[in-house]
Amino acid sequence: MRNKRNATIALVLGIITCLVGGWLLLRGATSLETFPLNTLNPQGTKADVIYDLVVPVFAVAGLVFIAVEVGVLWMVYRFRRNDEDVEGVGEPVQLHGNTGLEIGWTIVPAVILAVIAVFNANAILQMDDVSGDVIDVTVIGQQWWWEFRYDTDNDGAVDIITATQLVMPAGRDVRVQIQSRDVIHSFWIPALNGKKDAVPGRTHPLVLEAAEPGIYQGQCTEFCGLSHGVMRMQVKVLPQAEYDQWVDVMTTPPEQPTDEAAKAGQDLFVQQCTACHQVNGLEPGAEAPYGYAKLPNPNYGEDVGSTLLSQNAPNLTHLMMRDTFAGSLLDLYEDNSDAVDTTVGSAEVVPTGEPAVNNIKRWLRNPEDIKPMNPDNNQGMPNLGLSEQQIDELVAYLVTLK
Ligand code: CUA
């Protein structure tokens, strides 16, 4: 009696596991809002290629899974001990050395994998394919944020450096050249393509294309130290005309601050921040405070004008053109939580709303409170010990950077 009950329990547990697993998969596939890092919700041609490969392969794997599980459950039931036959049905017939079966279960999986390999190779080729007027963007991972460099006039020199949010036009292929400045990171915008590692000394290309404007979330997916888990990024997709407008803004120097607090903030920025952060055109302060020196940058830098060059911290020239900062951990605008929570939605050239002054203040008071970092080892931003008045002045300046 007990053996029969055990077999029944095993059967029921097996079925429940399949149902729960299936429900979780379907649940995950249905909502980008709830699950913004969802590979099963492609939003562009490259992600479509992956999706169109995953679905049939998953279906074949699912059939194999069901066949194996049904076989296992059937055997659990068929060869159980029961009350009528306390000895069970005896040892099953042994099939070791059955040539037909050995050949069969070698050939069938080999054929299945060979067929999948053909489609797989085809998908890889399609994903490298670019067409039309391609935009090249250099992506540089570092502890713990992402930098994006554009050469928008194709003259070989970088003219836009931004961070955290990669901006691109809808319906065009963007070839990102992925590099790293320190350790191995991995660049991943699941709605637009698969993952690709950022490896020091190497350049790995990846093509992104998005059908619709919107903000698509990403996350570093290679363990890279303290703040790996919050090393986020976004791709902001704009209609072509608005992308052109974005390029215009980004290649124009921001206006000089006019009010007194902002001017004082700019002076403070030059003294305290320019050893690491760049605002294009500002000459860095004479001395690098806090023992910081701009890190040598052997791979890139020569092709970038020194007034554009940001080294170990984000270029802040047009800070307020982004929706988020601090590795996309904090919103830059009030009432703009959409920028973080929604993957497919409206994206504006210049984010609207009031600047999230309190977020910037929190960050300046003590960055390590928000994001685990190791500034003593040049990894991340130190606590500068700023007074509340200095923080107010810096914020007054930073919010002018549009
Ligand atoms: Cu960068 Cu993990």
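The values are calculated or read from the model by the stated rules, or taken from the named source; none is laboratory data. Remember, it's a predicted structure, so these values are computed and weren't measured experimentally. We place every Cβ from the backbone using ideal geometry, glycine too, and count neighbours over all the protein chains shown. The accessibility values were calculated without ligands, DNA or RNA, using every heavy atom of the protein model including side chains. Shrake-Rupley method; radii C 1.70, N 1.55, O 1.52, S 1.80 Å.
A Förster radius of 22 Å, combined with the Cβ-Cβ distance separating Glu334 from Lys402, puts the computed FRET efficiency at roughly 0.90. Here the Karplus relation 6.51 cos²θ - 1.76 cosθ + 1.60, evaluated at θ = phi - 60°, turns the backbone of region 220-235 into coupling constants of 4, 10, 10, 4, 10, x, 2, 9, 3, x, 10, 8, 9, 8, 9, 10 Hz, with x for every Gly and Pro. Residues whose amide H falls under 5 Å from that of Val167, counting only those 5 or more places apart or on a different chain, are Lys236, with hydrogens built in the peptide plane.
Solvent-accessible area per residue in region 138-253 equals 32 Å², computed with a 1.4 angstrom probe and all protein chains kept.
Counting 0.36 nm for each residue step from Val350 to Leu101 and taking away their Cα separation leaves a gain of 83.1 nm. Under 5 Å from the amide H of Tyr333 lie the amide H atoms of Ala356, each residue being 5 or more positions distant or on a separate chain, with H modelled from the backbone and absent for Pro and chain starts.
Surface composition of region 76-211: carbon plus sulfur atoms contribute 58% of the solvent-accessible area (1.4 Å probe, protein chains only, all chains present). How much FRET efficiency would the formula 1/(1 + (r/R0)^6) give for Leu63 and Glu260, where r is the Cβ-Cβ distance and R0 is 60 Å, rounded to 0.05? Taking R0 as 60 Å, the efficiency between Leu63 and Glu260 is 0.25.
For the listed peptides 164-177, 251-264, 195-208, a ranking on the average number of other beta carbons within 10 Å per residue, highest first, reads 164-177, 195-208, 251-264.
Between the alpha-carbon centres of region 205-250 and region 255-273 there is a gap of 29 Å.
Residues whose amide H comes within less than 5 Å of that of Ala198, counting only those at least five positions distant or on another chain, are His185, Ser186, Phe187 (H built at 1.01 Å from N in the peptide plane). 3J(HN,Hα) along region 181-193: 9, 9, 10, 7, 10, 9, 8, 8, 10, x, 6, 10, 5 Hz, from the Karplus curve 6.51 cos²θ - 1.76 cosθ + 1.60 with θ = phi - 60°, whole Hz, x for Gly and Pro.
Counted residue by residue at 0.36 nm each, then reduced by the alpha carbon distance between them, the extension gain from Gln245 to Ile16 reaches 77.0 nm.
Full extension of the chain between Asn120 and Asp369 yields a length gain of 85.2 nm, computed as 0.36 nm times the residue separation minus the alpha carbon distance.
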